[in-house]
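**Q** Mind having a look at this structure? Questions to follow.
The values are calculated or read from the model by the stated rules, or taken from the named source; none is laboratory data. In this text the structure is predicted, and so the values were computed from the model without any measurement. Here the Cβ positions follow ideal geometry from the backbone for every residue, glycine too, while neighbour counts run over all protein chains shown.
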Amino acid sequence: MDRRSFLKIVGGSAAMTAFGGRIAGAGESAQAGEAREGEPFPKRALGKTGEKISIIGFGGLSLREQEQAIVNESVAFALDRGVNYFDVAPAYGDAEEKMGIALEGKRNKVFLSCKTGRRDKEGSRLELERSLKRLKTDHFDLYQLHHLRTKEETEKSLGPGGALETFLEAKKKGQVRFLGFSAHTMKAALLAIEKFPFDTIMFPINFGEFLVTGFGPPVVKMAHEKGMGIIAIKPMYAGLWPEGAKRPAPKWWYKPLFDRDEIDLGLRFTLSQPGVTTAIPPADLELVRTAIEVAPKYRPLTDVERKKVEEMTKGFISHFAGEEKQAVTFHRYWENAPIAV
């Protein structure tokens, strides 16, 4: 599928209208080094799992409320370019069902990851079974605790009667292969790493948070020392909007990078951190596509480029420093929702 076809397909979607239907530089022809159909996409080892996954992952949240035709074409585009890490969660609305349809007949081409927001054994078991049905698969390559924030919920998840008991039983049954978690605070991440030998961690690893607030480096250091696979989220996040700023679309609670050169620098900063295997773009199909095009040109940042990244932090307003301090409830409407399997 060429670019013109892709843009025609997604042109009417919310993903394309977020920035007036265009990413800066995205209308130009393929640049040297960008991923093309049939060419290998860079992959890295996922910690000690023995698996290699693409340095850009496909986040299922970008599929929420999209037409199935758009989902099918978007997934096919990523697969054709060599992206093999696909991540989704029940919290992402109808994304599980739509990704499941798009991956029919292609399941063996992907490393499929899912999550549960439930902290108890029974709730996480029901959610796992429902997710397997929705994704039309008999197993997940990676299953994760979703969005840990506080000491209390981390201890509940890993303690007696907690979700970890479901994880371990599911692994014995062959329903999941590897175990991981995602976290939005360092306190939760460091505690989870300390309490259980997880295979992976999903965590915000971002130029602004690293350079301005110091949020992230301790987690990366410990996870890397433990040999965990590190899955980076928010690599293209440029902080919160200033008070009173006009947002391009209501869904953008944070400012994403959308200039192609800045996307390149942001991704390379994240992918340069020790142990980072893959980075997940924002939940916007055009930004996902741009990341897939840009990432194969990966190379370590030069001193000049690092200074450019530092310049990109001007006016940066942190979200995660506040979440770390307060362990705020954020997008947690799904934690106690009824589960109909």
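**Q** Looking at the structure I just gave you, is Val83 in contact with a Cys (Cβ under 7 Å, 6 or more places away or on another chain), among the aliphatic types (A, V, I, L, M), buried (at least 24 other Cβ atoms within 10 Å of the Cβ) and in contact (Cβ under 8 Å) with a residue 12 or more places away in the chain?
**A** Judged against the criteria, Val83 is not a match.
**Q** Looking only at residues that are touching a strand residue (DSSP E or B) at 6+ places or on another chain (Cβ under 9 Å) and hydroxyl-bearing (Ser, Thr, Tyr) in the range 225-272, which one is modelled with the lowest pLDDT?
**A** Out of the qualifying residues, it is Tyr254.
**Q** Within the range 46-54, identify whether any single residue is in contact with a helix residue (DSSP H, G or I) (Cβ under 9 Å, 6 or more places away or on another chain), modelled with pLDDT of 80 or more, assigned to a loop (DSSP other than H, G, I, E, B) and surrounded by 16 or more Cβ atoms within 10 Å (Cβ to Cβ), and answer yes or no.
**A** Looking through the range 46-54, at least one residue is in contact with a helix residue (DSSP H, G or I) (Cβ under 9 Å, 6 or more places away or on another chain), modelled with pLDDT of 80 or more, assigned to a loop (DSSP other than H, G, I, E, B) and surrounded by 16 or more Cβ atoms within 10 Å (Cβ to Cβ).
**Q** OK, next. Working carefully through the options Leu265, Leu257, Leu271, find the one that is touching a helix residue (DSSP H, G or I) at 6+ places or on another chain (Cβ under 6 Å), among the aliphatic types (A, V, I, L, M) and crowded, with 23+ Cβ neighbours inside 10 Å.
**A** Leu257
**Q** Could I ask something else about it? I'd like the residue in the range 139-172 that is farther than 10 Å from Lys121 by Cβ and among the β-branched types (Val, Ile, Thr) and, out of all such residues, is surrounded by the fewest Cβ atoms within 10 Å (Cβ to Cβ).
**A** Per the stated criteria, the residue is Thr150.
**Q** While we're on this one: Residues Glu243, Glu311: which one is closer than 22 Å to Gly322 by Cβ and free of Cβ contacts under 8 Å to residues at least 12 places away in the same chain?
**A** Going through Glu243, Glu311 in turn, just one is closer than 22 Å to Gly322 by Cβ and free of Cβ contacts under 8 Å to residues at least 12 places away in the same chain: Glu243.
**Q** Could you tell me how many of the residues in the range 299-308 are outside any helix (DSSP H, G or I) and either of a type in the set (Lys, Arg) or touching a residue at least 12 places away in the same chain (Cβ under 8 Å) (or both)?
**A** Selection size over the range 299-308: 3.
**Q** Also, I was wondering about something else. Can you name the condition, by its number, that Gly227 falls short on among (1) on the phi < 0 side of the Ramachandran plot; (2) surrounded by fewer than 16 Cβ atoms within 10 Å (Cβ to Cβ); (3) touching a residue at least 12 places away in the same chain (Cβ under 8 Å)?
**A** Here Gly227 meets the rest and fails (1).
**Q** For the range 264-292: of the residues being of a type outside the set (Ser, Thr, Tyr) and free of Cβ contacts under 8 Å to residues at least 40 places away in the same chain, which is nearest to Glu209 (Cα to Cα)?
**A** Taking the candidates together, the pick is Arg268.
**Q** Could you list all residues from the range 60-80 that are buried (at least 23 other Cβ atoms within 10 Å of the Cβ) and not in a helix (DSSP H, G or I)?
**A** The answer is none; no residue qualifies.
**Q** If you don't mind, another one. Among the residues in the range 98-107, are any at pLDDT 50 or above, touching a strand residue (DSSP E or B) at 6+ places or on another chain (Cβ under 8 Å) and in a strand (DSSP E or B)?
**A** No: zero hits.
**Q** With the structure loaded, tell me whether Val212 is β-branched (Val, Ile, Thr) and farther than 24 Å from Val88 by Cα or whether it fails that test.
**A** yes
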